[in-house]
């Protein structure tokens with residue numbers, strides 16, 4: 001590796017470009033200047049909003065043939081706890097033969113190396129078949145893959161015969177890779193004051209249960225010749241506004257890596273509430289509803305409506321006149337009357353008629369209320 005390549009990588013590392021945090025203009029400017037000094041043809045790719053998301057270098061050969069693409073991202077993961085670093089995250093120095101700084105491995109060194117390859121290929125492009133494209137993606141770590149999407153959607157770009165991605169490690173060439181399925185799960189609950197007399201789990205408590213169940217989900221092992229198994233990772237959990245407020249919303253991020261034998265539908269089946277098992281540990285007597293998720297969209301599970309959805313009521317306790325109420329009778333906020341003679345469709349599921357309540361309120365026929373009664377209705 002030439003000193004020129006290392007110097008370019010150092011300059012890239014010294015321009016923070018954390019996905020979704022930093023402006024990636026400075027890091028793209030370094031690349032644009034380096035390519036311009038060597039008169040390499042390049043152009044900026046933009047997303048649907050007109051925002052620059054990548055630089056694309058295109059070098060055509062002198063004879064017809066397939067095009068190949070070298071792809072490296074120039075945005076990075078966040079720094080995390082900077083006090084835990086033993087050197088500045090944007091140091092960009094070389095110590096004992098190691099290039100240090102966020103993005104050195106993923107993947108600013110690869111971006112510098114690919115730029116150098118493009119410069120060398122251009123010098124003898126007339127004798128080569130096909131062409132070479134170098135994609136420098138500044139919108140990869142956000143999860144949007146904006147540069148790759150803009151490149152594949154660009155009608156002026158030649159469709160490549162193959163794409164090679166720059167990743168750390170000179171020991172082997174990895175052919176293929178796992179796909180991904182991602183979702184943001186919005187968990188809702190009834191909000192209130194933390195000192196209120198009535199106790200109910202907030203959205204963060206519900207989300208904690210959801211996270212535990214996701215982490216315990218069983219995924220298949222490796223299959224066939226593909227060497228890696230699928231993987232589920234909970235990547236973030238955001239919710240709450242202060243000490244005195246019961247949180248009404250909490251968002252949970254889920255990243256599932258897919259394989260040839262475990263695709264997007266399988267990933268959605270693992271993460272989506274197709275069975276009521278997650279509600280069995282939830283102490284709230286009225287489980288709110290849900291809606292089916294779709295990959296790439298913010299999803300709500302469960303989703304509290306106003307007024308709250310009905311919950312299945314346990315049988316009357318000891319002959320209590322708790323069946324059909326006379327007109328004008330005030331129904332307690334904790335007891336909702338089903339419209340049919342059988343339990344209503346459980347809103348905790350998405351595709352099948354099933355319920356699994358573990359705790360239900362008793363009906364109130366007077367200011368005095370009977371104790372709560374444990375009940376479990378039919379399950380799918």
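The values are calculated or read from the model by the stated rules, or taken from the named source; none is laboratory data. All of these numbers come straight from a predicted model, not from anything done at the bench. Here Cβ is always computed from backbone atoms with ideal geometry, including for glycine, and neighbour counts include all displayed protein chains.
Can you tell which of 126, 147 is under 16 Å from residue 59 (Cβ atoms), in the same structural domain as residue 108 (by TED's automatic domain parsing) and in contact (Cβ under 8 Å) with a residue 12 or more places away in the chain? Full working, then the answer.
Values: 147 fails: under 16 Å from residue 59 (Cβ atoms).
One residue alone meets the criteria, 126.
Here is a check on your reading of the model: is residue 177 under 30 Å from residue 241 (Cβ atoms) and surrounded by fewer than 20 Cβ atoms within 10 Å (Cβ to Cβ)? Spelling it out, it is not the case that residue 177 is under 30 Å from residue 241 (Cβ atoms) and surrounded by fewer than 20 Cβ atoms within 10 Å (Cβ to Cβ). Only one of the listed residues (202, 177) is at pLDDT 90 or above, out of contact with any helix residue (DSSP H, G or I) (no Cβ under 7 Å at 6 or more places or on another chain) and farther than 18 Å from residue 253 by Cβ. That residue is 202.
With respect to being free of Cβ contacts under 8 Å to residues at least 24 places away in the same chain, over 17 Å from residue 164 (Cβ atoms) and surrounded by 14 or more Cβ atoms within 10 Å (Cβ to Cβ), residue 85 fits the description.
Of 161, 157, 200, 186, all but one fail to be surrounded by 14 or more Cβ atoms within 10 Å (Cβ to Cβ), assigned by TED's automatic domain parsing to the domain that holds residue 73 and in contact (Cβ under 8 Å) with a residue 40 or more places away in the chain; the exception is 157.
What are the residues in the stretch 199-221 that are part of a loop (DSSP other than H, G, I, E, B) and more than 16 Å from residue 256 (Cβ to Cβ), if any? Matches in the stretch 199-221: 199, 200, 201, 202.
For residue 140, the conditions (1) modelled with pLDDT of 90 or more; (2) touching a strand residue (DSSP E or B) at 6+ places or on another chain (Cβ under 8 Å); (3) assigned to a loop (DSSP other than H, G, I, E, B); (4) surrounded by fewer than 16 Cβ atoms within 10 Å (Cβ to Cβ) are fulfilled apart from (4).
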